[in-house]
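Visitor: One structure, pasted below without further comment.
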Amino acid sequence: MNTIEELLQKRKLPELLRFANGESVTRENWETRRKELVDILCREVYGYAPPAPAHVVVTETKRKDKDYAGKGTVRNLTLSFPTDKGEFSFPVVEVVPTDAGNCPVFVHVNFRPDVPDRYLPIEEILDAGCGVIRIYYNDIAFDGEDGFTGGLAAMYDRKKYTWGKIRMWAFAASRVMDYLQTVDYADKNRIAVVGHSRLGKTALVTAATDPRFAMACANDSGCTGDALSRDKVGESVKAINGKFPYWFCDTYRQYGDREHEMPFDQHFLVAAIAPRRVALGSAVEDTWADPDSQYLSACAASAAWELLGEKGFVHPDRLPVPGDCFDAGSVAFHLREGTHFFSRTDWHRYLCLI
Ligand code: GCU
């Protein structure tokens, strides 16, 4: 049986702790390297986003106190901000524990607008003493091929900003973070971004590009999320670009079947969140995402935390088996039984990590 080190060597990953110019990375210049990692990933994969707007205006459209058996306050809000082509607005739903003061908050980018939703178990979140703000991703940019003509995509010139839709959804999560800076109820040091699958990829990109997030929870994010692309099984760079080209910048397409030529791999994305916290969820039947490649990515990314004198990914010297749950360091990973979906089991992991 191979050791983890041997398995990582076989993948021939680009070096995490070496600058593009060949210089080695130290504890002192980690933040410079971290920014370089984000820049490489924007240039090659997710595209560049516009700068943050000068302000975000928030209006309440509906409010319900003492909801969920008295445990929470639900508010429907509209967030508006200036763009290159006028004002852009999107709705969110905020659910906060009744009389909350200094509570952790999850910014959840979800597939459906419903609150609650099968991926958004409000009562469990409130019972854990946390608030949540739900973004419905199609309110930001339609998840389909529309030539970047709608939503946030239409508000900027894509020749200037090369972003794909994942980067757009992440940009919206940062606007929610702008709002959260202004509220009294939130613990500003315990704001997490969470999402499943394509929105797990989005959660990682959000935290990598916005250091105000204390944690990213990426559930079953797989290809071009947490999983290493080199020698990955299941979905490949070619497959994801063939089916979902609008998630990325155009540059990414060139790497189909050429993963070994990429000047990056997905451990760069995980590491770009260091020294903050990352929680990765995987499911044993989710072979499309490839749990082993997700796990090995966490193993490779761990070096960033270790460089900073932190515990990164604390794990045994073997590949994961169902039921594994490793969270002794800043990189947490679990592999549960079952298929690709956002289970309560996954939520319970993330709720105890914030
Ligand atoms: C597809 C896609 C994955 C993605 C998933 C999802 O399966 O190939 O990359 O993660 O959809 O978002 O559910």
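What follows is calculated from the coordinates using simple rules that are stated; it is not laboratory data. Small disclaimer: the values here were computed from a predicted structure and weren't measured. Heads up, the Cβs are rebuilt from the backbone with ideal geometry, glycines too, and the neighbour counts pull from every protein chain shown.
Visitor: Residues of region 243-269 being basic (Lys, Arg) and within 16 Å of the ligand (Cβ to nearest atom), which ones?
Guide: Matches in region 243-269: Lys243, Arg253.
Visitor: Right, here's the next one. Out of all the residues in region 1-32, which are free of Cβ contacts under 8 Å to residues at least 40 places away in the same chain and of a type outside the set (Asp, Glu)?
Guide: Asn2, Gln9, Arg18, Phe19, Asn21, Gly22, Ser24, Asn29, Thr32
Visitor: Which members of region 118-137 meet the condition of being outside any loop (DSSP other than H, G, I, E, B) and buried (at least 17 other Cβ atoms within 10 Å of the Cβ)? Working first, answer last.
Guide: From region 118-137, those outside any loop (DSSP other than H, G, I, E, B) are 120, 122-127, 131-137; that's our starting set.
Across region 118-137, the qualifying residues are Leu120, Ile122, Ile125, Leu126, Gly131, Val132, Ile133, Arg134, Ile135, Tyr136, Tyr137.
Visitor: Just to verify a result, which residue in region 144-180, among those that are of a type in the set (D, E, K, R) and farther than 17 Å from Pro91 by Cα, is surrounded by the most Cβ atoms within 10 Å (Cβ to Cβ)?
Guide: Lys165
Visitor: The conditions are (1) within 14 Å of the ligand (Cβ to nearest atom); (2) crowded, with 24+ Cβ neighbours inside 10 Å; (3) hydrophobic (A, V, I, L, M, F, W, C), and Ala272 fails exactly one of them. Which is it?
Guide: (1)
Visitor: Of all residues in region 101-117, count the ones that are surrounded by fewer than 18 Cβ atoms within 10 Å (Cβ to Cβ), at negative phi, of a type outside the set (Gly, Ala, Ser) and not in a strand (DSSP E or B).
Guide: Count: 4.
Visitor: Filtering region 214-227 down to residues that are hydrophobic (A, V, I, L, M, F, W, C) and crowded, with 24+ Cβ neighbours inside 10 Å, which residue is nearest to the ligand (Cβ to nearest atom)?
Guide: Of everything passing the filter in region 214-227, Cys223 is nearest to the ligand (Cβ to nearest atom).
Visitor: Could you please find all residues in region 192-212 being surrounded by 24 or more Cβ atoms within 10 Å (Cβ to Cβ) and more than 11 Å from the ligand (Cβ to nearest atom)?
Guide: Of everything in region 192-212, those that are surrounded by 24 or more Cβ atoms within 10 Å (Cβ to Cβ) and more than 11 Å from the ligand (Cβ to nearest atom) turn out to be Ala192, Val193, Val194, Ala203, Leu204, Val205, Thr206, Ala207, Ala208.
Visitor: Is at least one residue of region 300-321 surrounded by fewer than 22 Cβ atoms within 10 Å (Cβ to Cβ), within 16 Å of the ligand (Cβ to nearest atom) and hydrophobic (A, V, I, L, M, F, W, C)?
Guide: Within region 300-321, none of the residues are surrounded by fewer than 22 Cβ atoms within 10 Å (Cβ to Cβ), within 16 Å of the ligand (Cβ to nearest atom) and hydrophobic (A, V, I, L, M, F, W, C).
Visitor: If you go through region 278-293, how many residues are under 20 Å from Cys352 (Cβ atoms) and touching a Gly at 6+ places or on another chain (Cβ under 7 Å)? Explain how you work it out, then say what you get.
Guide: The first filter runs over region 278-293 and keeps only residues under 20 Å from Cys352 (Cβ atoms), leaving 278-283.
Checking the rest, the ones that are also touching a Gly at 6+ places or on another chain (Cβ under 7 Å) come to 283.
Matching residues across region 278-293 total 1.
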